[in-house]
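K.L.:
Encoded as structure tokens, here's the structure I'll be asking about.
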Amino acid sequence: MKQSETVRGETRISCPPSAASTRILGIDPGLASSGWGIVEYRNNRLYHIAHGCIETGPDLVRGERLLLIGRALREVIAAYKPVLASMETLYFARNVSSALPVAEARGVLSMVLAEQGIALREFTPNAIKQAVVGESRASKSQVQDMLRLILGLKEIPRPDHAADALGAAVCAAHAEGPVKTA
């Protein structure tokens, strides 16, 4: 039975996973905001289950922020019981120093997944865009709009980090086998 609840402006559909389904957790790592999204691959279709962000404030020391990220991911895993996870590979744009906190958050997230026995698939940003839009150079707005269509959402998923996480989850679902949209 599906139940709907609204948390921080996000609608979450909760339904227990069935034996013939695969729950996939997508993650967009970050120190200030780590996006997460859960999709379910069931009967050759993708269904949106939930999405949101783990946010930490700059007033905390880095170690405390990383601890909060790990605790929050454990809560997401306990609530939605994914069996597979997907994360964008780390890439360095122009500023290597800004990538270091992301790498640390990524390490904590990867550790929690390993601790929980959840396999992690990693994809490049271009591979995720290709899986969602069909074009590896798609814009962020194209990806968000296509996620809305693929997952049958009324609006594009927000915030951006949560949308990116849903994209990673959709990419993993496509990599696991043929997928039809909801």
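K.L.:
When the residues of the range 14-46 are narrowed to those that are crowded, with 20+ Cβ neighbours inside 10 Å and hydroxyl-bearing (Ser, Thr, Tyr), which ends up modelled with the highest pLDDT?
P.N.:
34
K.L.:
Could you please tell me which pairs satisfy a Cβ distance under 8 Å, a separation of 6+ or placement on different chains, a first residue in the range 6-35 that is under 18 Å from residue 154 (Cβ atoms) and hydroxyl-bearing (Ser, Thr, Tyr), and a second residue that is at pLDDT 95 or above and in a strand (DSSP E or B)?
P.N.:
Going by the 8 Å Cβ cut-off, the qualifying pairs are 14/49; 14/50.
K.L.:
Right, next: Out of the range 58-102, which residues are at pLDDT 95 or above and hydroxyl-bearing (Ser, Thr, Tyr)?
P.N.:
Of everything in the range 58-102, those that are at pLDDT 95 or above and hydroxyl-bearing (Ser, Thr, Tyr) turn out to be 80, 86.
K.L.:
Ok, one more. From the list 114, 105, 127, exactly one residue is within 16 Å of residue 165 (Cα to Cα), out of contact with any Gly (no Cβ under 9 Å at 6 or more places or on another chain), assigned to a helix (DSSP H, G or I) and modelled with pLDDT of 90 or more. Which is it?
P.N.:
Being within 16 Å of residue 165 (Cα to Cα), out of contact with any Gly (no Cβ under 9 Å at 6 or more places or on another chain), assigned to a helix (DSSP H, G or I) and modelled with pLDDT of 90 or more holds for just one of 114, 105, 127, which is 127.
K.L.:
May I ask you to list the residues in the range 82-137 that are among the acidic types (Asp, Glu) and either touching a strand residue (DSSP E or B) at 6+ places or on another chain (Cβ under 7 Å) or at positive phi (or both)?
P.N.:
88, 122
K.L.:
A follow-up question, please. Would you tally the residues in the range 64-101 being within 15 Å of the chain's Cα centre (by Cα), closer than 16 Å to residue 30 by Cβ and β-branched (Val, Ile, Thr)?
P.N.:
Of the residues in that region, 3 qualify.
The values are calculated or read from the model by the stated rules, or taken from the named source; none is laboratory data. The structure presented is a predicted model; accordingly, all values stated were derived computationally and were not measured. Ideal geometry is used to build each Cβ from the backbone, glycine not excepted, and the neighbour counts take in all protein chains shown.
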